[in-house]
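The values are calculated or read from the model by the stated rules, or taken from the named source; none is laboratory data. All values reported here derive from a predicted model rather than from experimental measurement. All Cβ positions, even for glycine, are placed from backbone atoms using ideal geometry, and neighbour counts span all protein chains on display. Only protein heavy atoms, including side chains, enter the accessible area calculation; ligands, DNA and RNA are left aside. Shrake-Rupley method; radii C 1.70, N 1.55, O 1.52, S 1.80 Å.
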Amino acid sequence: MKIFVVFLVVLAIFGTQSHGYEVYNIISQVNNGGSVQETVTIDSEKDIAIINIHAGLCSSTTIFDYKHGYIASRVLSRRACYILKMNRQTTPTLDQLKQHIYDMQALDNIFSNKYIWVKYNPLQSLITNVDWFLLGSPTEQLCKHVPLYKGEVVGDTGE
């Protein structure tokens, strides 16, 4: 029984791989002493990464759709979706994302000083005629029944 538990812990820490996708569970400590759980699913066949952040009212799902070139993020408490055209020069590739997750877990270091600030104006950036074919089915599944807003990068990484 002890070996089985250790095996499950190793799978949870370093991810599981099945049918072309890998799932990583990450638990991060936050400033107030609590923790936030993130689940990162990387589907190499569909060329997408899905990041679920489980944090109560701040919970969200973000899809990096490399095939269609968009990032869609749905903040669950806001009942809205935000979409951003992917900048391939600044967005990590799926392989870089996998390596970053592995490094974070192996080194037990979750600090990153890289940030990209995105803004949107609810009155000016609401998307009313949505071309789901252009945005892709993963984004459609995430955002179809909530308002969709176009985001704009306003700041570079905080390096």
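Among all residue pairs at least 6 apart or on different chains, which show Cβ distances below 9 Å where the first residue, located in the range 124-151, is open to solvent by 80 Å² or more (accessible area, probe 1.4 Å) and the second is acidic (Asp, Glu)?
Listed by first residue and then by second, the contacts come to Phe133/Glu140.
In the set Ser60, Ser77, Ser73, Ser18, which member is closer than 21 Å to Val146 by Cα and at pLDDT below 90?
Going through Ser60, Ser77, Ser73, Ser18 in turn, just one is closer than 21 Å to Val146 by Cα and at pLDDT below 90: Ser77.
I'd like to verify a number: residues in the range 34-89 that are in a loop (DSSP other than H, G, I, E, B), within 20 Å of Tyr24 (Cβ to Cβ), free of Cβ contacts under 8 Å to residues at least 40 places away in the same chain and open to solvent by 40 Å² or more (accessible area, probe 1.4 Å), how many?
So the answer is 1.
State all residues of the range 119-136 that are under 15 Å from Arg74 (Cβ atoms), at pLDDT 80 or above and either of a type outside the set (A, V, I, L, M, F, W, C) or in a strand (DSSP E or B) (or both); if no residue qualifies, say none.
Gly136
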